[in-house]
1. Taking 0.36 nm per residue of separation and subtracting the Cα-Cα distance, what length does fully extending Lys44 through Arg95 add?
2. Work out the P(r) tail for the stretch 1-148: percent of alpha carbon pairs separated by more than 26 Å, whole number.
3. Using Cα pairs under 8 angstrom and six or more residues apart, how large is the relative contact order of the stretch 1-155, in percent?
4. Please say if the stretch 72-153 is rounded, prolate or oblate, where rounded means a/c under 1.5 for a ≥ b ≥ c the square roots of the C-alpha gyration tensor eigenvalues, and otherwise the choice is prolate for a/b larger than b/c and oblate otherwise?
5. Expressed as an acute angle from 0 to 90° and rounded to the nearest 10, what is the orientation of the C-alpha long axis of helix 42-51 relative to the principal long axis of the chain?
6. I'd like the orientation of helix 90-99 relative to the chain: the angle between its Cα long axis and the longest Cα principal axis, in ° from 0 to 90, rounded to 10.
7. Among Gly100, Ala55, Ala88, whose Cα lies farthest out toward the positive end of the dipole of the chain, if unit charges sit on the beta carbon of Lys, Arg (+1) and Asp, Glu (-1)?
8. If you project the alpha carbons of the stretch 168-208 onto the principal axes, what extent comes out on each, in Å, largest first?
Amino acid sequence: MEHYLVQSIEKALGWTGPSGLGVGFARGRVPDLALCPRLLTPHKLLDVIMRRSIAPPQFRCFQNGIEMHPDGYLTQVTTRRGQTLPAANMDTLGRLLQSGCTVVLDALDSFDPTMEIACRALQWWSLELVQVNIYLTTKDAPGFSLHWDDHDVVIVQLAGEKSWEVRGSSRPVPMYRDAEPNQTPSDEVVWSGTLQAGDVMHIPRGSWHRATRTDCGDGYSLHATFGFVKRTGVSWLTWVADQSRERELFRHDLDRFGSRTFQAAQEHLLVSNVSQLLADYPVQEYLARREEMVTATPPVGRDRARWGA
């Protein structure tokens, strides 16, 4: 299934490898709809929720577009050893789903073996860290307001249908921790329409988007959002700064009370050694070390060459 998932996503998006990640919006359809229920169904998702101790922020419920207080859908379960753990109140959750709501479960790959394999396969393919978040929306529940993600996403509509609007970015490659806020949506509508089971969509980092079922009536939507966390120049510089701890010069206190001449000399020494530090830890070494971490556990039964990595 691992190799087939990657092939299906590539065919749907018209890609021949992971180089399209983050480049531009793309949309298509998987060639085999049987892939969707193999990945996840609503019943399987609810079974995972029922059998696990989960709580916000990983497990959330939204009604009328507003995040509910956890007391509205969680209960406290006491084990025979006296431990109190949060768990979904399935009776309450069932009523919420019947009336219309959105259930969000982040990082399903940490619970579900199928999604774990899927994320591992996509990591092997993309050489980036991958996490999958799941969204189940029922009836005509609204979605989130216009927002952007700080990572590239590939969305797979697994069941039902949901309406989307995707806009361009209003700040080039925005980040979670950034020099300025990114709060004004772009006016450019890149695509709007309805995703149905088997549809796949790639939204680059920073592109504004929203999804809703307010125009869909009865029914439901189940989709998986695979998030790809790519590295940036800031990531490399942060890593280089971490490597500076190996060198005694950078571990010394910055002089605050000495003469201006001494302080200037210390600063000059640091600056000159920063240049050497950057040369000693180039970008390609950083990416190679990261690649070793991401690909430490390859997909079962697959060699790297077959994944086109």
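1. Contour length minus Cα-Cα distance gives 16.6 nm.
2. 37
3. 23
4. oblate
5. Its long axis makes an angle of about 70 degrees.
6. 80
7. Ala88
8. Reported extents, whole Å, longest axis first: 39, 20, 12.
The values are calculated or read from the model by the stated rules, or taken from the named source; none is laboratory data. If you're wondering where the values come from, they're calculated on a predicted model, not measured in any experiment. A quick note on method: Cβ atoms are made from the backbone with ideal geometry, for glycine too, and the neighbour counts reach across all protein chains shown. Note: accessible area is taken over every heavy atom of the protein model, side chains too, but ligands, DNA and RNA are not part of it. Shrake-Rupley method; radii C 1.70, N 1.55, O 1.52, S 1.80 Å.
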